[in-house]
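Structure first, commentary second.
The values are calculated or read from the model by the stated rules, or taken from the named source; none is laboratory data. Just so it is clear, the structure is predicted and the values come from calculations on it, not from any experiment. Cβ sites come from the backbone with ideal geometry, for glycine too, and all protein chains shown count toward neighbours. Accessible surface areas use protein heavy atoms only, side chains included; no ligands, DNA or RNA. Shrake-Rupley method; radii C 1.70, N 1.55, O 1.52, S 1.80 Å.
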Amino acid sequence: MSYAPASGRVPVFLPPCHAPGPDGPWEEVQERIEDSGRAVVYTTWGQWLTPALLDPGLRTLLGRDWPRYRQHPAPAGRLSLAVSRVVVKHTAAAALQVPAARLDLAYLPGGRPVLRGLGADLEVSLAHTDELIVVGVSRTGPVGVDAEPAGRRVSLEALREHVCTAEEAAMLADLPDPERNERFLRLWTLKEAYTKALGDGMRRRFSAVGFGWDAAGEPRLAGDSAGRWAFATHLVEGDFWVSEAHRKDTAAAPPAGTGALAPARGLWRTPPPQPQPQPQPQPQPEPELGPGAPPEPEPELEAESRSLDCRVIDFPGRRRSKR
C-alpha cells in the first residue's frame, strides 16, 4: 500500500516480512533498511517458542527483562514476554547487522521499547495479538505498529465515543455491516500505531485523533498538511490486520557499520538539498589612529602573549576541573 501526502513525497509500503525463526531469513529486512530506512516483521509464538527458550544465551538476550521473565507469576505471560523480546532483539540486530546479544532493550515510562547504547538511533515498536508478533524498526523517525485479528467482532455502539471522531462515526454509519467492522478494525489499529509512534500508547484519547481515506483507499491523518506522517494497513496471513505508522525526521543518521546507521536511499523521493552559497567577507577599512592612540599589536606577538599567559597559570601537576 502507498499513500501520497500533500507534499508529493511517496513512501512505498511493502507487506511485512515473515521471520519464521531466529535464523531468519533476514536479508529482506536488511535490504529494506538500506533502501527505505524502515521494515516491519511478523512471526508467531509457535515458530519462535522452542528456539528462543532452548537458546543457551537467553539470559543475555533478555538482558534487563530477565528478572521480569523469571518472576512473572503466569507461565503464559512469562513465555510471551521472553519470545516477544527475543523477536525484537533479532529484528533490530538484523537492521543494524550486529549480534542480537549486543543490544540493550529498555523502556520509556509509557512502556515504549527503546535501544540503549549500540543502535540507540534505531526506533522500534512491538505489537502482539493472539499468536501473532509484529515488530517495526526505523532509522528515519518514530515508528509504531499494531495488530488485531481480522475476524474480531466489535460493537460500534459501545466503542464509538471512545475511538471515533464525529466524522469517522458518520463515515462508519454509512457502511454495510461487514465493511463497517473491517474499517473500524483498521481505524483502531491505525490509531494504536500512531499513538505508539508518538510514545503515548493508550494514554492519548483515540477520539481526538482523526483519520480518513483518500480516493485510492489509503489512510491519511487529519491535519497533517505537511505530509510528515505515512500509514499503511496490511492483511497478514489472511487473519490479522497489521497497521504501521511512520514519521520522517529531518535529522541525518550516522554512517553505516557496526550498529551505526546510514542515510536511507529514496525513502521520500525528494531531491537532496543543494548547498547554499556562503557570503564572501567584505574588506574592512584600516582604522584611523588618533593622536596618542596606542598602535594595534602585531598578530604574532598577540598570539605569543596568549601562549605565555597560559604557561604562567597552567602549573605542572595542577588539577584541572572536569566539564
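In the set (1) out of contact with any helix residue (DSSP H, G or I) (no Cβ under 8 Å at 6 or more places or on another chain); (2) at pLDDT below 95, the condition left unmet by ARG183 is number (1). Selection over the range 37-61 of residues that are in a loop (DSSP other than H, G, I, E, B) and either open to solvent by 60 Å² or more (accessible area, probe 1.4 Å) or within 15 Å of GLU237 (Cα to Cα) (or both) gives a count of 2.
Which residues, taken from the range 65-93, are touching a strand residue (DSSP E or B) at 6+ places or on another chain (Cβ under 8 Å) and modelled with pLDDT of 95 or more? Matches in the range 65-93: ASP65, VAL83, SER84, ARG85, VAL87, VAL88, LYS89, THR91, ALA92. At least 3 residues being without any contact (Cβ under 8 Å) to a residue 40 or more places away in the chain and open to solvent by less than 30 Å² (accessible area, probe 1.4 Å) is the threshold, and among the helices (runs of 4 or more DSSP H) wholly inside the range 105-222 those reaching it are 177-198. When the range 1-15 is limited to residues that are open to solvent by less than 20 Å² (accessible area, probe 1.4 Å) and not aromatic (Phe, Trp, Tyr), the one that is modelled with the highest pLDDT turns out to be PRO11. The set of residues in the range 172-184 that are within 29 Å of the chain's Cα centre (by Cα) and of a type in the set (Lys, Arg) contains only ARG183.
Report yes if ARG139 is at pLDDT 90 or above, of a type in the set (D, E, K, R) and within 30 Å of GLY46 (Cα to Cα), otherwise no. The answer is yes for ARG139. For the range 139-166, give me each residue that is among the polar types (S, T, N, Q) and over 30 Å from the mean Cα position of the chain (by Cα). Scanning the range 139-166 gives a single hit, SER155.
The rows are residues; the columns are (1) among the aliphatic types (A, V, I, L, M); (2) out of contact with any helix residue (DSSP H, G or I) (no Cβ under 6 Å at 6 or more places or on another chain).
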| residue | (1), (2) |
| --- | --- |
| PRO67 | no, yes |
| HIS72 | no, no |
| LEU79 | yes, yes |
| ALA92 | yes, yes |
| LEU108 | yes, yes |
| ARG116 | no, yes |
| LEU126 | yes, no |
| GLU131 | no, no |
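When LEU81 is tested against the conditions (1) crowded, with 22+ Cβ neighbours inside 10 Å; (2) under 22 Å from GLY117 (Cβ atoms), the lone failure is (1). Of all residues in the range 102-137, which are out of contact with any Gly (no Cβ under 6 Å at 6 or more places or on another chain) and under 20 Å from ALA230 (Cα atoms)? Within the range 102-137, ASP121, LEU122, GLU123, VAL124, LEU126, ALA127, VAL134, VAL135, GLY136, VAL137 meet the criteria. For the range 223-251, taking the residues that are over 18 Å from the mean Cα position of the chain (by Cα) and not in a loop (DSSP other than H, G, I, E, B), the one that is surrounded by the fewest Cβ atoms within 10 Å (Cβ to Cβ) is identified as LEU235. Scoring ALA169 on the criteria (1) over 24 Å from TYR107 (Cα atoms); (2) under 24 Å from the mean Cα position of the chain (by Cα) leaves a single failure, condition (2). Taken over the range 16-25, residues that are open to solvent by 30 Å² or more (accessible area, probe 1.4 Å) and in contact with a strand residue (DSSP E or B) (Cβ under 9 Å, 6 or more places away or on another chain) amount to 3.
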